[in-house]
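Here's the structure we're looking at; comments come further down.
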Amino acid sequence: MQCTTQAGIRDVLVPTERRTCQKLHQLKFPTVKGRFYTNTMFSKVESTRGNKAAQIITNGLGYNRFYPMKGKGEAPEPLLSFINNTGIPQNLVSDGALVESKGNWEKVTKYHIRQKLIIPHSPWANLAESSVREPKASVRRATQQRGSP
């Protein structure tokens, strides 16, 4: 009993000889305990690979993941990459942006991630904001030092 999980129980109301497919996506990957924060970063300048945005996922304690994107419509794909490479975050905190709460983002609801939205106009509640601030500041410093446009 200590090795079982309640996330995989399924109630079958039909006879047991009928085969039912399992849709337990949350059991395919390990669960990463703790609270993770996510935010979308936008740039005015397009990169050489055509990226103008990035999704940042962090735990606020130094574990940061940076996923470049071509636009804000690709927001669920970095989270799916994070799930494939690291695991399913137990809790995910994001701001109330539509790309992080509605639309294609709802594709990841099958992983049973507890998502919490912060109060509007309170960026200090999302620790991913500092993870956005640092790369932008370092790029700004590098362009000023080298004199590039």
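Couple of notes before you dig in:
- For segment 57-149, average projected area of the Cα convex hull in nm²: 7.3 nm²
- Two-site label geometry, Arg49 and Gln115: point separation in nm, points 7 Å out along Cα→Cβ: 2.4 nm
- Beta bridges per DSSP with both ends in segment 48-146, % antiparallel, nearest 5: 60 percent
- Close amide H partners of Leu92, meaning residues 5 or more places away or on another chain with modelled amide H under 5 Å apart, are Phe36, Arg114, Gln115, Lys116.
- Amide H partners (placed H, <5 Å) of Thr31, local residues excluded: Ile88
- Estimated FRET transfer efficiency (Ser138, Tyr63; beta-carbon r; R0 25 Å; 0.05): 0.85
- Within-14-Å neighbourhood charge of Leu127 [Cβ basis; K, R +1; D, E -1]: +1
Coordinate-derived values only; no laboratory data. Owing to the predicted nature of the structure, the values given are computational and were not obtained by experimental measurement. Glycine gets a Cβ as well: all are built from the backbone with ideal geometry, and neighbour counts include every protein chain shown.
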